[in-house]
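Step one of this worksheet: look at the structure below.
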Amino acid sequence: MIILLVLIPALAGAAAFFIGSDPPRRGLLVSIAIVQFALSAVTWIAPPAPALGGWLAEDALGRLFLTLTSLLFLASSFYAVAYLRGERDQSHADIEEGFLFSNAREASFTGCLLLFLAAMTLVTLSQHLALLWVAVEATTLASAPLIYFHRHHRSLEATWKYLLICSVGIALALLGIFFLAVASSSPGSKTVSLVLKDLLSDAPHLNPLWLKAAFVLMLVGYGTKMGLAPFHTWLPDAHSEAPSVASALLSGALLNCAFLGILRIHQICVASGLADFSQRLLLVLGLLSMAVAAVFITGQTDYKRMLAYSSVEHMGILAVGVGLGGTGMFGAMLHVINHSLSKVMLFMVAGNLLAVYHTKSSKNVTGALRVLPVSGLLWVLGFLAITGSPPFGPFLSEFTILKAALDQSRFFVAIVYLVLLTIILAGMATPVLGMAQGTPGKDVVVPAGRSVALTAVPATLGGAILLMGVYVPPFLARTIQEAARLLGQR
Amino acid sequence: MNQLQNAILVFLVLTGFMLLASSRLVACIRAVAIQGILLGLLAIAAQDGKLSVFGVLLPLTSTAVKGFLLPWLLTRAMRDADTVREIEPLIGYNLSVIIGAIALGVSLWLGQRLQLPNQPASFLLVPAAFFTCLVGLVLLTTRSKAITQVLGYLTLENGVYAFGAAVALQMPILLELGILLDVFVGVFVMGIAIFNISRQFDHIDTDRLVSLSDRVR
């Protein structure tokens with residue numbers, strides 16, 4: 001069963017490259033997304049048996065991330081089909097500089113989407129740290145072509161930066177894994193197991209010096225991929241140049257997978273009594289990411305870049321949550337879900353705005369509420385949700401993290417956290433509200449025959465975010481609780 | 001066996017300097033290819049004479065990929081992009097070599113600090129691996145041609161691999177192949193990107209890829 005979860009999207013992805021006609025390929029994309037989601041839902045009822053000698057297994061953390069990933073992919077697949085239908089014509093005028101460009105083959109785009117799903121699924125299910133590494137690097141390779149869907153020089157530049165910066169980061173993470181292997185090599189034995197379970201049970205005997213070095217390298221490596229400052233530089237470029245559905249998946253699903261990589265090594269640090277060390281580093285990087293995001297969100301005129309920096313901010317919040325420990329851990333796990341849902345929805349709405357206004361500059365977009373009533377409304381609501389306003393989900397999780405800081409009497413952290421959140425709220429309010437209100441320009445025309453899915457999908461996600469704010473289902477709360485326990489919350 | 005390992009590691013350090021000092025891309029590609037071959041030898045030498053079929057097959061595969069296949073790919077990319085030399089690096093070649101010397105010193109010091117526990121590996125191993133990683137990072141940050149940056153990435157990867165190979169990690173073969181495949185596909189995709197960059201821009205100078213930034217309009 002576990003193997004099927006990885007194999008189905010991988011094989012379908014490989015097949016999609018060779019399906020020439022559009023309707024069956026799009027059907028394949030959606031049906032694989034449905035199957036994947038159904039399978040991952042089944043794992044909640046019937047936990048799958050470990051496979052490949054324990055290398056692949058599903059624990060609470062994995063189940064949480066896997067289900068979230070397949071849910072987001074399901075939403076994105078509906079949106080993607082509607083989006084691709086609108087992109088059919090051969091060449092487009094560039095929205096910023098006006099030259100003509102063509103798109104990559106849709107077959108490659110769909111194939112890469114499915115391979116990307118397979119790689120992300122493998123990340124969530126890997127219990128062997130080197131296998132996890134292989135999977136994370138595979139996500140980079142599968143998603144790079146997604147960014148270069150619109151074939152022009154800016155997206156190419158973004159793809160290049162993404163590929164190179166992330167590959168270098170990931171190479172450092174591999175060094176970290178080797179360090180971990182050195183840390184775990186006990187006297188006399190030459191076989192080193194990098195399976196999480198063995199490492200955790202062996203944790204007290206790990207060499208602390210090498211383990212610390214391993215943690216730092218893996219934090220830098222996976223942190224690059226996750227978009228933690230100061231290693232985030234690829235993120236705004238890639239997210240702003242990729243087609244919106246790819247941005248949504250990069251931000252909502254991929255960053256989580258990299259975060260999971262950090263959580264795994266953190267688990268080992270906790271088990272070997274180095275929790276203070278790893279938590280302090282996470283806390284510092286988390287606050288730094290929030291600060292960097294606050295600086296770049298203020299005065300940002302490109303609304304897709306604004307969303308990208310918001311992702312840097314929220315990755316920072318996650319790191320702060322884990323860095324604080326205690327109930328912060330629960331808050332961080334809850335926030336993973338809330339952030340992903342909100343951000344995917346916002347990127348989808350941003351895609352709708354982009355398709356109508358043909359500009360990424362928030363100054364040139366006005367009257368969105370009148371031109372696109374549903375998308376305009378979702379844009380404002382999404383902004384409220386992502387900045388942590390009640391009654392939406394992110395409020396609950398951000399508040400839980402704040403409470404963890406206050407409970408531990410870490411008032412400095414709490415104050416910095418609150419101040420940065422306020423700055424970001426103010427920085428995002430101006431462009432977002434300016435875009436929504438006012439009268440639209442005369443040349444703004446809504447193209448005829450837009451698919452319903454373009455608004456229905458983000459609206460559904462919006463409903464889920466609202467639900468998460470007022471009611472966390474007990475089965476979900478239990479799993480989050482269990483995941484937080486794996487990370488050392490007592 | 002340690003003497004053989006030491007010799008290999010010294011050669012590895014020398015290829016690092018070769019990379020730092022050379023402006024001709026062909027020479028750089030050749031240096032990285034030599035590194036690939038040296039790593040294969042290192043992996044065999046690190047097995048202390050207890051050779052198994054897989055123990056030989058895997059280094060041979062990695063040598064084939066890193067020593068021949070990838071260099072061939074990069075040479076092709078170089079020809080397609082019509083570039084022969086790295087012109088105007090951010091810092092000059094003499095300075096690069098001096099930085100390399102400093103990096104070697106730092107690596108030796110780090111090797112002193114981080115002693116391998118219970119490993120029979122050569123004392124040169126940790127410094128040489130670190131040094132190779134550092135050379136890769138220097139190339140990545142100070143060279144502007146896309147191909148040289150890929151070479152920097154490969155050098156970094158080689159440094160990491162040297163470390164892994166020589167601490168005689170008993171990594172399952174499937175994973176070794178997975179890692180190798182990732183690196184291969186990575187460089188392959190980068191090669192495609194280079195091809196597209198040279199077609200799109202008529203050059204492959206990444207320091208001129210500057211249209212994306214946070215400008216206030």
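Within the range A:229-308, considering only helices (runs of 4 or more DSSP H) that don't extend past its boundaries, which have at least 3 residues that are within 18 Å of A:T139 (Cβ to Cβ)?
A:234-241, A:244-249, A:255-271
Could you please find all residues in the range A:6-39 being within 14 Å of A:L74 (Cα to Cα) and in contact (Cβ under 8 Å) with a residue 60 or more places away in the chain?
Within the range A:6-39, A:P9, A:R26, A:L28, A:L29, A:I32, A:A33, A:Q36 meet the criteria.
Are there any helices (runs of 4 or more DSSP H) wholly within the range A:115-217 with 3 or more residues that are at pLDDT below 90, and if so which?
A:153-184, A:196-201
Checking B:I29 against (1) within 17 Å of the chain's Cα centre (by Cα); (2) surrounded by fewer than 21 Cβ atoms within 10 Å (Cβ to Cβ), which test does it fail?
If we test B:I29 against (1) within 17 Å of the chain's Cα centre (by Cα); (2) surrounded by fewer than 21 Cβ atoms within 10 Å (Cβ to Cβ), just (2) comes out false.
Give the number of residues within the range A:431-474 that are without any contact (Cβ under 8 Å) to a residue 12 or more places away in the chain and basic (K, R).
1
So, in the range A:165-183, exactly how many residues are facing chain B (nearest Cβ under 7 Å) and either in contact (Cβ under 8 Å) with a residue 40 or more places away in the chain or hydroxyl-bearing (S, T, Y) (or both)?
Summing the residues that are facing chain B (nearest Cβ under 7 Å) and either in contact (Cβ under 8 Å) with a residue 40 or more places away in the chain or hydroxyl-bearing (S, T, Y) (or both) in the range A:165-183 gives 5.
Identify, by number, the condition in (1) within 24 Å of the chain's Cα centre (by Cα); (2) part of a loop (DSSP other than H, G, I, E, B) that A:S409 doesn't meet.
(1)
Limited to the range A:245-271, what total is found for residues that are of a type in the set (S, T, N, Q) and surrounded by fewer than 24 Cβ atoms within 10 Å (Cβ to Cβ)?
The total comes to 1.
I'm checking my understanding of the structure. Among residues of the range A:158-170 that are surrounded by fewer than 24 Cβ atoms within 10 Å (Cβ to Cβ) and touching a Leu at 6+ places or on another chain (Cβ under 8 Å), which one is farthest from A:S244 (Cα to Cα)?
So, considering only residues that are surrounded by fewer than 24 Cβ atoms within 10 Å (Cβ to Cβ) and touching a Leu at 6+ places or on another chain (Cβ under 8 Å), the one farthest from A:S244 (Cα to Cα) is A:V168.
Could you count how many residues in the range B:175-217 are closer than 14 Å to B:P71 by Cα, of a type outside the set (A, V, I, L, M, F, W, C) and either more than 8 Å from chain A (Cβ to nearest Cβ) or assigned to a loop (DSSP other than H, G, I, E, B) (or both)?
Number satisfying all stated conditions: 1.
Report yes if some residue within the range A:124-131 is hydroxyl-bearing (S, T, Y) and farther than 30 Å from B:D205 by Cα; otherwise report no.
yes
Test each condition in (1) in contact (Cβ under 8 Å) with a residue 24 or more places away in the chain; (2) touching an Asp or Glu at 6+ places or on another chain (Cβ under 9 Å); (3) within 13 Å of chain B (Cβ to nearest Cβ); (4) of a type in the set (G, A, S) for A:A60 and report the one that comes out false.
So A:A60 meets the others, but not (3).
Collect the residues in the range B:148-199 that are at pLDDT 75 or above and in contact with a His (Cβ under 9 Å, 6 or more places away or on another chain), keeping them in residue-number order.
B:I197
Give the range A:235-244 a look and list any residue that's facing another protein chain (nearest Cβ under 10 Å) and either out of contact with any Ser or Thr (no Cβ under 6 Å at 6 or more places or on another chain) or surrounded by fewer than 24 Cβ atoms within 10 Å (Cβ to Cβ) (or both), or say none.
A:P236, A:D237, A:A238, A:S240
Can you confirm whether the range A:24-38 contains a residue that is outside any loop (DSSP other than H, G, I, E, B) and in contact with a Gly (Cβ under 8 Å, 6 or more places away or on another chain)?
Checked the range A:24-38: no residue is outside any loop (DSSP other than H, G, I, E, B) and in contact with a Gly (Cβ under 8 Å, 6 or more places away or on another chain).
Hey, can you tell me all the residues within the range A:458-469 that are among the aliphatic types (A, V, I, L, M) and in contact with a Pro (Cβ under 6 Å, 6 or more places away or on another chain)?
Hits for the range A:458-469: nothing passes.
Identify the residue in the range A:110-153 that is more than 30 Å from A:K197 (Cα to Cα) and in contact with a Cys (Cβ under 6 Å, 6 or more places away or on another chain) and, among all such residues, is nearest to the other protein chains (Cβ to nearest Cβ).
A:P145
Out of the residues in the range A:218-228 that are in a helix (DSSP H, G or I) and away from every other protein chain (no Cβ under 11 Å), which is farthest from B:G164 (Cα to Cα)?
A:M226
Which count do you get for residues in the range A:363-393 that are part of a helix (DSSP H, G or I) and surrounded by fewer than 23 Cβ atoms within 10 Å (Cβ to Cβ)?
Selection size over the range A:363-393: 12.
So, of the residues in the range B:1-33 that are of a type outside the set (K, R) and in contact with a strand residue (DSSP E or B) (Cβ under 8 Å, 6 or more places away or on another chain), which turns out to be modelled with the lowest pLDDT?
It comes out as B:S23.
The values are calculated or read from the model by the stated rules, or taken from the named source; none is laboratory data. No experiment lies behind these values; they were computed from the predicted model shown. Virtual Cβ from ideal backbone geometry, glycine too; neighbours counted across all protein chains shown.
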